[in-house]
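Have a look at the structure below, then the notes.
The values are calculated or read from the model by the stated rules, or taken from the named source; none is laboratory data. Everything numeric in this text was worked out from a predicted model, so none of it was measured. Positions of Cβ are backbone-derived with ideal geometry, glycine not excepted, and every protein chain shown enters the neighbour counts. These accessible areas exclude ligands, DNA and RNA; they are computed on the full protein's heavy atoms, side chains included. Shrake-Rupley method; radii C 1.70, N 1.55, O 1.52, S 1.80 Å.
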Amino acid sequence: MSINKYEIFVQVARLGSLTKAAEILGFTQSGISHAINSLESEIGFRLLQRSRAGIQLTSEGERLLQPMREVLQANVRLQEEIAAIRGLEAGTIRIGTFTSVSVHWLPRMMKAFLNDYPQIEFKLMEGDYQEVEEWLEEGQIDCGFFSLPTSDKLEVFPLKEDRMLCILPQEHPLCGAAFFPLARLAEEPFIIPKAGSDHDVRRVLKKAAITPNVRFEAGDDAAIIAMVEQGLGISILPELVIEGRKHHVHVMELEEPSFRSLGIAVHSMKFCSPATRRFLAHVQSWLEKQQLLQANNA
């Protein structure tokens with residue numbers, strides 16, 4: 001059976017759509033449908049149930065999904081080991097990430113990495129912390145960025161302590177203060193990230209034993225900043241989210257300094273591909289250089 005058919009089935013199962021899978025894989029929808037039909041004919045039973053509601057896995061499809069993912073992973077490792085033996089720097093790295101890392105870190109990390117390893121291909125999947133953790137445990141990605149702590153099933157490499165900061169409208173009466181008093185979070189209209197992206201803020205609130213006056217929930221960092229700019233409330237965001245953006249908000253230290261711990265993780269270093277191992281070393285080295293540059297410029 002063709003490895004390509006396995007990849008098509010896994011993508012259709014992940015996306016729940018023949019059309020979306022076709023867009024990602026560069027096939028026509030009829031090509032995707034033909035590949036699935038061919039795979040089902042070869043194994044002798046249905047993998048997908050098609051209806052007006054969309055695409056769903058059959059019970060047999062559910063049973064075969066993870067084994068097919070493992071076959072795809074093994075094939076990637078095989079091809080990269082072959083390339084390494086030949087002296088080639090080739091391979092694919094599938095990375096799970098979230099917005100602040102994919103905007104502020106990854107493009108520069110990838111550019112520097114590709115200067116040394118131009119034949120490496122990157123595939124990025126963006127989600128919240130829980131989604132990235134699930135993708136890594138299921139084998140859909142090779143490594144993922146996290147706000148720690150995360151599952152003890154993963155091998156984690158800490159990268160950076162990222163400050164949590166308060167953002168206020170520029171005309172807010174507390175803008176002249178040295179820090180934002182945590183008790184005011186219970187009084188001020190508060191804009192909180194959507195569930196799944198709110199872990200870092202919730203840790204700050206839990207540590208301070210504060211129940212905020214939540215007025216709005218937003219699913220995007222830029223939307224939260226825009227709402228604060230319009231005077232709709234205040235919020236708490238990581239420094240990495242705020243830095244490098246053009247915005248019109250006042251940024252303040254919290255009364256009790258708080259941080260999120262950023263890291264990168266793999267399911268197991270023992271089974272990492274050569275390309276992924278190189279990338280992990282590169283990420284840690286790149287961040288060390290960035291921190292040294294910042295210290296020298298301070």
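Touching a helix residue (DSSP H, G or I) at 6+ places or on another chain (Cβ under 6 Å), within 30 Å of Tyr6 (Cα to Cα) and open to solvent by less than 60 Å² (accessible area, probe 1.4 Å): does that describe Gly127?
Details: touching a helix residue (DSSP H, G or I) at 6+ places or on another chain (Cβ under 6 Å): no; within 30 Å of Tyr6 (Cα to Cα): yes; open to solvent by less than 60 Å² (accessible area, probe 1.4 Å): yes.
Criteria not met by Gly127.
Looking at region 260-274, can you tell me whether even one residue there is out of contact with any strand residue (DSSP E or B) (no Cβ under 6 Å at 6 or more places or on another chain) and without any contact (Cβ under 8 Å) to a residue 40 or more places away in the chain?
Scanning region 260-274, I find at least one residue that is out of contact with any strand residue (DSSP E or B) (no Cβ under 6 Å at 6 or more places or on another chain) and without any contact (Cβ under 8 Å) to a residue 40 or more places away in the chain, so the answer is yes.
Tally up the residues in region 46-63 that are buried (at least 18 other Cβ atoms within 10 Å of the Cβ) and part of a strand (DSSP E or B), please. Talk me through it step by step, then tell me what you get.
Let us first name the residues in region 46-63 that are buried (at least 18 other Cβ atoms within 10 Å of the Cβ), namely 47-48, 55, 57, 61.
Those left that are additionally part of a strand (DSSP E or B): 48, 55, 57.
Total satisfying the criteria: 3.
Among the residues of region 90-117, count how many are open to solvent by 70 Å² or more (accessible area, probe 1.4 Å) and within 17 Å of Thr276 (Cβ to Cβ).
Looking only at that region, the number is 1.
Does region 199-221 hold any residues that are without any contact (Cβ under 8 Å) to a residue 12 or more places away in the chain and either surrounded by 15 or more Cβ atoms within 10 Å (Cβ to Cβ) or assigned to a helix (DSSP H, G or I) (or both), and which are they?
Residues of region 199-221 without any contact (Cβ under 8 Å) to a residue 12 or more places away in the chain: 202, 206, 209.
Selection gives Arg202, Lys206.
Is it the case that Arg163 is in a strand (DSSP E or B) and either acidic (Asp, Glu) or open to solvent by 40 Å² or more (accessible area, probe 1.4 Å) (or both)? Steps first, answer last, please.
Working: in a strand (DSSP E or B): yes; either acidic (Asp, Glu) or open to solvent by 40 Å² or more (accessible area, probe 1.4 Å) (or both): yes.
When the stated conditions are applied, Arg163 passes them.
Just wondering, is there one or more residues in region 230-240 that are out of contact with any Cys (no Cβ under 8 Å at 6 or more places or on another chain), assigned to a loop (DSSP other than H, G, I, E, B), buried (at least 18 other Cβ atoms within 10 Å of the Cβ) and outside the structural domain of Glu187 (by the TED database)?
Here is the first cut: in region 230-240, the ones out of contact with any Cys (no Cβ under 8 Å at 6 or more places or on another chain) are 230-233, 237-240.
Remaining after also requiring assigned to a loop (DSSP other than H, G, I, E, B): 230-233.
Adding the requirement that they be buried (at least 18 other Cβ atoms within 10 Å of the Cβ) leaves 233.
Next, from what is left, pick out any that are outside the structural domain of Glu187 (by the TED database): none.
Among the residues of region 230-240, not one is out of contact with any Cys (no Cβ under 8 Å at 6 or more places or on another chain), assigned to a loop (DSSP other than H, G, I, E, B), buried (at least 18 other Cβ atoms within 10 Å of the Cβ) and outside the structural domain of Glu187 (by the TED database), which makes the answer no.
Looking at region 249-291, which of the residues that are in a strand (DSSP E or B) and of a type in the set (Gly, Ala, Ser) is nearest to Leu136 (Cα to Cα)? Break it down stepwise before answering.
The first filter runs over region 249-291 and keeps only residues in a strand (DSSP E or B), leaving 249-252, 254, 259-266.
Then drop every residue that is not of a type in the set (Gly, Ala, Ser), which leaves 261, 263, 265.
Numbers: Ser261: 19, Gly263: 14, Ala265: 8 Å.
Top of the filtered list is Ala265.
Any idea which of (1) of a type in the set (D, E, K, R); (2) under 23 Å from the mean Cα position of the chain (by Cα); (3) at pLDDT 90 or above is the one Asp220 doesn't satisfy?
(3)
Specify the residue that is modelled with the highest pLDDT; the eligible residues are those in region 103-152 that are of a type in the set (Val, Ile, Thr) and part of a loop (DSSP other than H, G, I, E, B). Lay out the reasoning, then the answer.
Taking region 103-152 first, the residues of a type in the set (Val, Ile, Thr) are 103, 120, 132, 141, 150.
Narrowing the set further to residues that are part of a loop (DSSP other than H, G, I, E, B) leaves 141, 150.
Values: Ile141: 93, Thr150: 85.
Once the filter is applied, the top-ranked residue is Ile141.
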